[in-house]
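S.K.: Structure provided below as structure tokens; questions to follow.
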Amino acid sequence: MVIGAGVLGASVAARLARTGRHVTLLDQDQPGQATSRWSFAWVNSNDKGPRPYHNLNQAGIRAWAELAPDLDGPAWYRPAGNIELATDDHARADLGARVRRLTEWGYPARLIDAAEASHIEPSLRSAASNTMAAWFPGEGYLLTEPLIARLISSATSRGAVLLTSEAGRVVGFDTSPIRVRTAVGAALETDEVVCCAGRWVPALAELTPAGADQVPLEGWAEPGATAPGFVVRVGPVAAEGPQRVVHTPEICLRRHSAGLVHLEAPDAAVDLHTPDPERRRWATELWDRARRTVRGLDHATVVDYQVCVRPMPADGQSIVGRLPGAEWLYVAVTHSGVTLAAHLSRLIAADLASGTSAAELARYRPDRFLRSPRR
Ligand SMILES: Cc1cc2nc3c(=O)[nH]c(=O)nc-3n(C[C@H](O)[C@H](O)[C@H](O)COP(=O)(O)OP(=O)(O)OC[C@H]3O[C@@H](n4cnc5c(N)ncnc54)[C@H](O)[C@@H]3O)c2cc1C
């Protein structure tokens, strides 16, 4: 049984169904409507440390490339590359050092001059003379809604059962035998549960004897919390608009579906409590920044904006494995979940099948928080 039909749970369900296991996938909403829907969905290992976590993300990039041909890739897979511009001294120093480190690690990355930047991304408006640019050709982005729809079709075509809304909302567990209780009063018997409920994983762990201590996430509900992110979608974008992922110190952008462009900014100070007029002000600000950065948005307007929450483990690294004290509950929660889902789902399926510890997952087990408690 898999709880949560975001990019991670849908990937796990599709992978388990492919191995011939009977899968029931539960979601309290419709699939893919939580964090995965609003994610920047940039597939990268650009600034992910330490080295093993970088390697995990790099394996994530490769895993999507391998999956795309079998899962209608043109509908969702965009290996467009990423271009980054740095203007102030601090950003230039950071970018130069990062490109050097990534190159040493064998990751495709190089500094480029202004002429090459304009050639790679013709929509870029002319940059200030002190701009440094870098090109990361192995990166890209995913359109998560069509992707998740295809992952779920792949799972259901192999016999998986999808339960959504109240029928899929998990409200409790029984332990002997193991049963998952849902909001409609059902008690679904199973041998093990994979919990991919994103930011809600701690709340579900709390319903077991193990409790939530082994899945500590950055706070997201309180005012001023940093796990929430602000996302704006503008359109229509003209044909001359951006094709690559673009990062500058003031705006991050990429194409979205339906003629839209997805925008984020590192300094957008918005959380779940920010009143709507302030959210609107930020949405307009991001749209202005995007128009100043690339061509093709002159006739665009703000179409949508949303505060969404990063499921951010307290130490920044994925949490994947059985919960000591409730071993039948296997949790998988991570930031960079879009980059990681295809690869992590392979590791999780192998972990569940073999019962032996996958070396690649050893450092991400939940019991690390018991060994060195954070709080
Ligand atoms: C602004 C922003 C930008 C990001 N940018 C990137 C990026 O560029 N690259 C990248 O790799 N990652 C990025 N991330 C992170 C990435 O989006 C997440 O790691 C990923 O989407 C998490 O997917 P998930 O499937 O674990 O969670 P979710 O998509 O949140 O899915 C969890 C599901 O669990 C369901 N659920 C919860 N509770 C219950 C319950 N009790 N019963 C049944 N169902 C339940 C929910 O309805 C939901 O559908 C970003 C995140 C944000 C917020």
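The values are calculated or read from the model by the stated rules, or taken from the named source; none is laboratory data. Remember, predicted model here, so these are calculated numbers, not experimental data. Counting neighbours? That spans all protein chains shown, and the Cβs are built from the backbone with ideal geometry, glycine included. With ligands, DNA and RNA removed, areas are computed over all heavy atoms of the protein, side chains included. Shrake-Rupley method; radii C 1.70, N 1.55, O 1.52, S 1.80 Å.
S.K.: How large is the accessible surface per residue of the chain, computed with a 1.4 Å probe and reported in Å² as a whole number? Mind showing how you got there, number by number?
M.R.: Details: 15610 Å² over 375 residues.
Here the residues of the chain average 42 Å² of exposed surface.
S.K.: Restricting to Cα atoms and excluding each atom paired with itself, what does the Kirkwood estimate give for the stretch 1-147 in Å?
M.R.: On the way: mean 1/r = 0.0576 Å⁻¹.
Value: 17.4 Å, from the Cα pair sum.
S.K.: Moving to a separate point now. If we restrict to alpha carbons, what Rg and Dmax does the stretch 99-169 come to, in Å?
M.R.: 21.0, 58
S.K.: How big is the dipole moment of the chain about its Cα centre under a simple scheme where the beta carbon of each Lys and Arg is +1, that of each Asp and Glu is -1, and everything else is neutral? Debye, nearest 20, please.
M.R.: On the way: 40 positive and 41 negative charges, 105 e Å.
Roughly 500 debye for the chain.
S.K.: A further question on this structure: Hey, what does the equivalent ellipsoid look like for the chain, semi-axes from the Cα gyration tensor as sqrt of 5 times each eigenvalue, largest first, whole Å?
M.R.: Values: eigenvalues 260, 96, 82 Å².
Largest first, the chain gives 36, 22, 20 Å.
S.K.: Next up: Kindly state, to the nearest 0.05, the FRET efficiency for R125 paired with R51, given R0 = 35 Å and r defined as their beta-carbon distance.
M.R.: Values: r = 36 Å, r/R0 = 1.04.
For R125 and R51, the calculated efficiency is 0.45.
S.K.: Expressed as cubic angstrom per residue, what is the convex hull volume of the alpha carbon set of the stretch 207-344? Show your work: numbers first, answer last.
M.R.: On the way: hull volume 19.0 nm³, N = 138.
Here the figure is 137 Å³ per residue.
S.K.: So what are the ³J(HN,Hα) numbers for the stretch 61-74, from phi and the Karplus equation (6.51, -1.76, 1.60; θ = phi - 60°), rounded to whole Hz, Gly and Pro as x?
M.R.: Values, residue by residue: 4, 5, 5, 5, 4, 6, 6, 3, x, 8, 10, 6, x, x Hz.
S.K.: Mind checking the full-extension length gain between T103 and A183? Use 0.36 nm per residue of separation minus the Cα-Cα distance, one decimal, nm. Let's see the in-between values first.
M.R.: Working: separation 80, 0.36 × 80 = 28.80 nm, distance 5.07 nm.
So the extension gain works out to 23.7 nm.
S.K.: In percent, how large is the relative contact order of the chain, given Cα pairs closer than 8 Å and 6 or more residues apart?
M.R.: On the way: 768 pairs, mean separation 85.9, N = 375.
Reported relative contact order: 23 percent.
S.K.: Along the charge dipole of the stretch 53-118, Cβ charges K/R +1 and D/E -1, which of L56, L85, A117 sits furthest on the positive end?
M.R.: Going by the charge dipole, the pick is L56.
S.K.: Kindly write out, for the stretch 174-191 in residue order, the coupling ³J(HN,Hα) from the Karplus curve 6.51 cos²θ - 1.76 cosθ + 1.60 (θ = phi - 60°), rounded to whole Hz, with x marking Gly and Pro.
M.R.: Ordered by residue, 3J(HN,Hα) equals 10, 10, 9, x, 6, 9, 9, 9, 10, 5, 8, x, 6, 10, 9, 7, 7, 9 Hz.
S.K.: So, one more: For an R0 of 41 angstrom, estimate the FRET efficiency from the Cβ-Cβ distance between E222 and A115 and round to the nearest 0.05. Provide the component values of the computation, followed by the final result.
M.R.: Details: r = 47 Å, r/R0 = 1.16.
The pair E222/A115 has a calculated efficiency of 0.30.
S.K.: In whole Hz, what ³J(HN,Hα) sequence does the stretch 6-13 give by Karplus (6.51, -1.76, 1.60; θ = phi - 60°), x for Gly and Pro?
M.R.: x, 4, 6, x, 5, 5, 5, 4
S.K.: Sticking with this one: Could you tell me which of L26, L162, L102 has its Cα farthest along the dipole of the chain towards the positive end, charges placed at Cβ (Lys, Arg +1; Asp, Glu -1), taken about the Cα centre?
M.R.: It is L102.
S.K.: While we're here: Using R₀ = 22 Å, calculate the FRET efficiency as 1/(1 + (r/R₀)^6) where r is the Cβ-Cβ separation of H22 and A350; round to 0.05. Before the final figure, lay out the partial values.
M.R.: Working: r = 18 Å, r/R0 = 0.81.
Rounded to the nearest 0.05, the efficiency is 0.80.
S.K.: Another question, if that's okay. Okay, helix-only estimate at 222 nm for the chain: each DSSP H run of n ≥ 4 adds -39500 (n - 2.57), divide by all residues, round to 500 deg cm²/dmol; what do you get? All intermediate terms of the calculation are to be shown ahead of the outcome.
M.R.: On the way: 11 runs with 118 residues, N = 375.
Helix contribution divided over all residues of the chain: -9500 deg cm²/dmol.
S.K.: Follow-up. What is the set of long-range amide H partners of V294 at a cut-off below 5 Å, with H atoms built 1.01 Å from backbone N?
M.R.: R125
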